[in-house]
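Heads up: the structure comes next, in structure tokens.
The values are calculated or read from the model by the stated rules, or taken from the named source; none is laboratory data. Not measured: the values here are computed from a predicted model. Positions of Cβ are backbone-derived with ideal geometry, glycine not excepted, and every protein chain shown enters the neighbour counts. These accessible areas exclude ligands, DNA and RNA; they are computed on the full protein's heavy atoms, side chains included. Shrake-Rupley method; radii C 1.70, N 1.55, O 1.52, S 1.80 Å.
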Amino acid sequence: MSSPVTPGLLILHGNQMELLRAAVFSWMRQHPLAPLEQEIVLVQSNGVAEWLKIALAEQAGVCAATRVALPARFLWEAYRGMLGGDAVPKRSPFDKGPLTWRLMRMLPALADEAVFAPLRHFLGAGDPERRLQLAARLADLFDQYQVYRADWLDDWAHGRDQLRDGAGQARPLAPDQCWQARLWREVHATLPAPQRASGRAFVHQQFVDASEAGQAPLGRLPRRVVVFGISALPHQTLQALAALSRYCQVVVAVPNPCQFYWGDIIEGRQLLKAAYKRQPQRGADLAQIPIEDMHAHSHPLLASWGRQGRDFIRLLDEFDGAADGRFDNLRVDLFSEDEQELDRLPLLAQIQSAVRDLLPLADHPHAPPPPRDRSVEFHVAHSAQREVEILHDQLLSWFGADPALRPRDIVVMVPDIDTFSAAIHAVFDQHRRHEARFIPFEIGDVKDRSVNPLLVALEWLLRLPQQRCRQSEVRDLLDVPALAARFGLIPDDLPILGRWIEGASVRWGLDQRHRDGLGLGQAGEQNAWIFGVRRMLLGYAVGAGAHRVTEQ
């Protein structure tokens, strides 16, 4: 049976994801939706999504009718639900994909103008690959502007070459940056008039205005949306969620490392003065303490690493104060409590507790950590491959020491998963499932083009004129099952073909013309692929007699 779901904005703060997860699941159980009604949960990554779905299945017995999505895609659907499908297209011409190809067509015609001199320098002699690379970067840049600096785009579209700061003060664009405003106006000029109002910034403002005016939704909106574990969201997204809370229930579970208000401990605090502060002050008013003395009154890790989190929590306070009492001023703060003295905790727990309580260095425990404490370790490795090997060894030691620990209980975070994906497969895939060193794993948030062999091969072939076509590169192409099947090769043929290629002394380059295109024509055709093919054909023509082709 479903229960009434009160529209409104409920924000939960906590310093542990497990506490937030338990609170969200408890709220879902106490306020259930209809049996077949979809529960929507917004997260910041696919890894968090999988972790959340596994936990929900464990606690509820099943994870069904639950959609875990990224915020940007959901918000566009919410815009359509509020304003109607006619006002909001399924895909905007200002999205990165369509905008990339539009810029690809526009750049050659604009490059000769004086204002586009910075772009002309990059484009050079009109190389299509460089033009596509630039178009993709510019499309991504304008996409971010639509989310974070919609006011800039609005000024540029109306002919004002200026930038506004956080306080709304405008200053002229630098001469070498005026091309951005001009390019944005040219993008608008290439679109029909109705499509110019389909950009994310314009649609968002229409959505907010319609919500503030109390307009009834023209489509369907969900009854509840849960935003879980996201450590940073742009102001535009928070504004949209606050507007959506007038029609549905929005539950935001926020990871907050500190139970006190800590927005005043970082340089630049004067730009974020808040009339409403959800968290209490700890002791003295930190806003009155000079930044250079802040280490004596607060935790240095928050001051040095916490700028983005500080800004996000400050923005949340702006919307948290406007909840209109629809939850009877309900405030949920979930901060863990230490079960023993601080100096008896493991080192990691000591750091977390000191951050939670905003303790300065002088108040930290100075006793050594417990013996054999491995809660915080640092390893120095000379390559990504070695890093993953160390990780594999550490995981094996943890599994051996704790039989209750399972692979699905572990999440490994890296700054750029595409850099590590090949090393992860090389290290973790070398052991078979029946071996003692086998560890099951799954890579999240990785692009298809970096793990799909066919996409990698296609990308390589599209760059063929610029490739040196080394022997190893072409042999890697033949290892792609789809390419091997296209040429009638079976797995047993590949080792034989490899020996033939090696015996024919193929090294790099297709032929003389290919090497000329690379500017390396002086190397001739010696050890090129055409050179190797001729040797193979001559060897075949000679037959099995006394003559043979020898390596040179």
Fill in the blank from the handout: Expected vector for region 22-34, Karplus 3J(HN,Hα) from phi with 6.51, -1.76, 1.60 and θ = phi - 60°, integer Hz, x for Gly and Pro, equals 5, 5, 5, 5, 5, 5, 5, 5, 6, 10, x, 7, 5
Practice task
Measure off 7 Å from each Cα along the Cα-to-Cβ vector at Gln177 and Arg331, then give the distance between these two points in nanometres to one decimal.
Solution key: 3.9 nm
Handout entry: Among Ala436, Pro93, Ala109 the positive-end extreme of the charge dipole of the chain (Cβ point charges)
Key = Ala109
Fill in the blank from the handout: Between the Cα axis of helix 200-212 and the main Cα principal axis of the chain, the angle (0 to 90°, nearest 10) is 20 degrees
Problem - Whole-Hz couplings from phi, Karplus 6.51/-1.76/1.60, listed for region 368-375; x for Gly and Pro - result: x, x, x, x, 6, 7, 10, 6
Fill in the blank from the handout: Amide H proximity to Ala69 below 5 Å, modelled H, separation 5+ or other chain, gives Val41, Leu42, Val43
Handout entry: Amide H contacts of Val225 (H built 1.01 Å from N, under 5 Å, at least 5 apart or other chain)
Key = Gln249, Val250, Val251
Practice task
Report the extension gain between Gln215 and Ala57 in nm, rounded to one decimal, defined as 0.36 nm multiplied by the number of residues separating them, less their alpha carbon distance.
Solution key: 53.1 nm
Practice task
Please report how far the C-alpha centroid of region 430-489 lies from that of region 134-209, rounded to the nearest whole angstrom.
Solution key: 40 Å
Fill in the blank from the handout: Rounded to the nearest 500, the 222 nm mean residue ellipticity computed for the chain from DSSP H runs (n ≥ 4, each -39500 (n - 2.57)) alone is -13500 deg cm²/dmol
Fill in the blank from the handout: Answer in debye to the nearest 20: the dipole magnitude of the chain about its Cα centre, from +1 Lys/Arg and -1 Asp/Glu charges placed on Cβ, is 1740 debye
Fill in the blank from the handout: Simple SL model, points at 7 angstrom along Cα→Cβ for Asp112 and Ala404; separation in nm is 7.5 nm
Handout entry: Residues listed by number, region 113-134, amide nitrogen under 19 Å from Leu477 label point at 7 Å toward C-beta
Key = 129
Fill in the blank from the handout: The helix 493-503 Cα axis meets the longest alpha-carbon principal axis of the chain at an angle in degrees, between 0 and 90 and rounded to 10, of 60 degrees
Handout entry: Karplus 3J(HN,Hα) series, Hz, for region 110-124 with 6.51 cos²θ - 1.76 cosθ + 1.60 (x for Gly, Pro)
Key = 9, 4, 7, 6, 4, 5, 9, 4, x, 6, 4, 5, 6, 5, x
Completion exercise
Expressed as a percent, the accessible surface of the chain that is carbon or sulfur, using a 1.4 Å probe and the full set of protein chains, is 55 percent
Completion exercise
The long-range amide H neighbours of Leu12, using H built 1.01 Å from N in the peptide plane and a cut-off of under 5 Å, are Val252, Ala253, Val254
Handout entry: Per residue value of the accessible surface for the chain (all protein chains in place, 1.4 Å probe), Å²
Key = 57 Å²
Handout entry: Among (1) -0.39, -0.52, -1.26; (2) -0.45, -0.61, -1.47; (3) -0.44, -0.58, -1.30, the entry derived from the coordinates for log10 I(q)/I(0) by the Debye sum over Cα atoms at q = 0.06, 0.07, 0.13 Å⁻¹
Key = (2)
Handout entry: Estimated FRET transfer efficiency when R0 is 22 angstrom, pair His31-Ala69 (beta carbons, to 0.05)
Key = 0.60
Practice task
Can you tell me the 0 to 90 degree angle between the C-alpha axis of helix 178-189 and the longest principal axis of the chain, rounded to 10?
Solution key: 90 degrees
Problem - Extension reserve of the Gln205-Ser45 stretch, reckoned as 0.36 nm per residue once the Cα distance is removed - result: 55.0 nm
Problem - Exposed-site-free run, longest, the chain (rule: GluC sites (Glu not before Pro); DSSP loop; at most 14 other C-beta within 10 Å) - result: 114-266
Handout entry: Zone of Arg120's modelled label, taken as backbone nitrogen in region 143-176 under 16 Å from a point 7 Å along Cα→Cβ
Key = 176
